[in-house]
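The values are calculated or read from the model by the stated rules, or taken from the named source; none is laboratory data. Just so you know, these numbers come straight off a predicted model, no measurement behind them. Here Cβ is always computed from backbone atoms with ideal geometry, including for glycine, and neighbour counts include all displayed protein chains.
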Amino acid sequence: MGKKGFWPAYLGLSAEELRARAEALRELASPCRLCLRECGARRAEGERGSCRAGLTPWVSSFGPHFGEERVLVGRGGSGTIFFTGCNLHCVFCQNYEISQLCQGRKITTEELAAWMLHLQEIGCENINLVTPTHQAPQIVEALALAREEGLRLPIVWNCGGYESVEALKLLSGIVDIYMPDFKYGDSQLAARYSDAPGYFEAAGAALKEMHRQVGDLEVRDGIARRGLLVRHLVLPGGLAGTDRVLRFIAEELSRDTFVNIMAQYYPTYRAWEHPELARRITPGEYRQALELARRLGLSRAGPH
């Protein structure tokens, strides 16, 4: 049993089943179909795809994070593990040193499992896997090891939304909290700014699968335990397509969806190459997003 009587989903699976899921994900990784790019990189033979990852854990840092959503932080902080590389190439990425410049180091799955256990030992509320999609096989393999050694924290899948439904189905019963970005309501803009063709359609299908698995976010004693938490970053000039994103959530998922509408955009990395992205959003643009969420009946949408 985990914190305050909570039972993480993966404790309902045997170690053998977790290893079988890891192996199935590994098969998707070579030739690679782990995300919507389906780049076909033969990672088992040393090839690197668009994300530049191989088949061993590639990480930047780990530790308690107190800047995440309040329902993830609690008293002990969210136990974040930052994975190097990314299957998106956002020109305005605020973690570009890790995601695009690939600052990090290779570790073993045993070390990754030990990191998870250490985060539990120091009192973190969850294991928050940041940008995990392209390293799903090694993450699940490490989780199988950590489970055997007593891991009992919920797993947060903190991703960019450009996910493969096939890969997500292999995470069913493993992930407790899905926390995807829903970045764009316009796939042409997603292709321009994140090199992510078909993003809106792909993210919509992925969020539906996530919601099917875990439902709306359950919060107990102020801490998220299970469910879907969506992030949407408001971009200047309406470039994120906030209207279409929020309308999809309200009409295709649930009006009880927990949505963090974020105002912290600032020009960084290569955003300066695009004049329309070279400024912060205005208070009026953010208010407009909040008012739209209210009109759509998204009662759990706002700054979190």
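Among the candidates GLY237, GLY227, GLY204, the residue that is modelled with pLDDT of 95 or more and in a strand (DSSP E or B) is uniquely GLY227.
Within the range 243-251, does at least one residue satisfy the condition of being of a type in the set (Lys, Arg), part of a loop (DSSP other than H, G, I, E, B) and over 24 Å from VAL71 (Cα atoms)? No, the conditions are met nowhere in the range 243-251. Remark: pairs (first residue in the range 245-265, within 22 Å of ILE281 (Cβ to Cβ) and modelled with pLDDT of 95 or more; second residue part of a helix (DSSP H, G or I) and among the small types (Gly, Ala, Ser); Cβ separation under 7 Å; 6+ apart in sequence or on different chains) = LEU246/ALA293; PHE248/GLY204; VAL259/ALA293; ILE261/ALA289; ILE261/ALA293. Residues that are more than 27 Å from LYS106 (Cβ to Cβ) and over 16 Å from the mean Cα position of the chain (by Cα): find the strands (runs of 3 or more DSSP E) completely inside the range 127-200 holding 3 or more of those. Hits in the range 127-200: none.
Against the test of being assigned to a helix (DSSP H, G or I) and over 28 Å from GLU218 (Cα atoms), the options GLU27, GLU17 yield a single qualifying residue, GLU27. Looking across the range 181-201, the residues that are touching a helix residue (DSSP H, G or I) at 6+ places or on another chain (Cβ under 6 Å) and surrounded by 17 or more Cβ atoms within 10 Å (Cβ to Cβ) come down to PHE182, TYR184, GLY185, SER187, ALA190, ALA196, TYR199, PHE200.
Contact map, the range 8-28: residues that are under 12 Å from GLU141 (Cα atoms) and touching a residue at least 40 places away in the same chain (Cβ under 8 Å) paired with residues that are among the acidic types (Asp, Glu) and exposed (fewer than 13 other Cβ atoms within 10 Å of the Cβ), Cβ distance under 6 Å, separation 6+ or inter-chain. Pairs shown: ALA15/GLU148. Of all the listed residues (GLY67, GLY76), the sole one being in a loop (DSSP other than H, G, I, E, B) and over 16 Å from the mean Cα position of the chain (by Cα) is GLY76.
Residues that are touching a helix residue (DSSP H, G or I) at 6+ places or on another chain (Cβ under 6 Å), hydrophobic (A, V, I, L, M, F, W, C) and more than 12 Å from PRO236 (Cβ to Cβ) within the range 260-288 comprise just one, ILE261.
Checking the conditions here, which among GLY79, GLY49, GLY74 is farther than 26 Å from ALA202 by Cβ and surrounded by 22 or more Cβ atoms within 10 Å (Cβ to Cβ)? If you could, list the steps in order and put the result at the bottom.
Values: GLY49 fails: farther than 26 Å from ALA202 by Cβ; GLY74 fails: surrounded by 22 or more Cβ atoms within 10 Å (Cβ to Cβ).
Step by step, each of GLY79, GLY49, GLY74 is checked, and only GLY79 is farther than 26 Å from ALA202 by Cβ and surrounded by 22 or more Cβ atoms within 10 Å (Cβ to Cβ).
ARG48 meets all of the listed conditions (1) of a type outside the set (S, T, N, Q); (2) touching a Leu at 6+ places or on another chain (Cβ under 8 Å); (3) in a loop (DSSP other than H, G, I, E, B) but one, namely (2).
Filter the range 101-126 for residues that are in a loop (DSSP other than H, G, I, E, B) and within 20 Å of ALA53 (Cα to Cα) and give the result.
Restricting attention to the range 101-126, the residues satisfying the condition of being in a loop (DSSP other than H, G, I, E, B) are 101-104, 107-108, 122-126.
Passing the criteria: LEU101, CYS102, GLN103, GLY104, ILE107, THR108.
Out of the range 248-304, which residues are of a type in the set (Lys, Arg), farther than 27 Å from ASN95 by Cβ and surrounded by 17 or more Cβ atoms within 10 Å (Cβ to Cβ)? Across the range 248-304, there are no qualifying residues. Can you confirm whether GLU218 is closer than 28 Å to ARG152 by Cβ, surrounded by fewer than 22 Cβ atoms within 10 Å (Cβ to Cβ), charged (D, E, K, R) and in contact with a strand residue (DSSP E or B) (Cβ under 7 Å, 6 or more places away or on another chain)? Yes: the conditions hold for GLU218.
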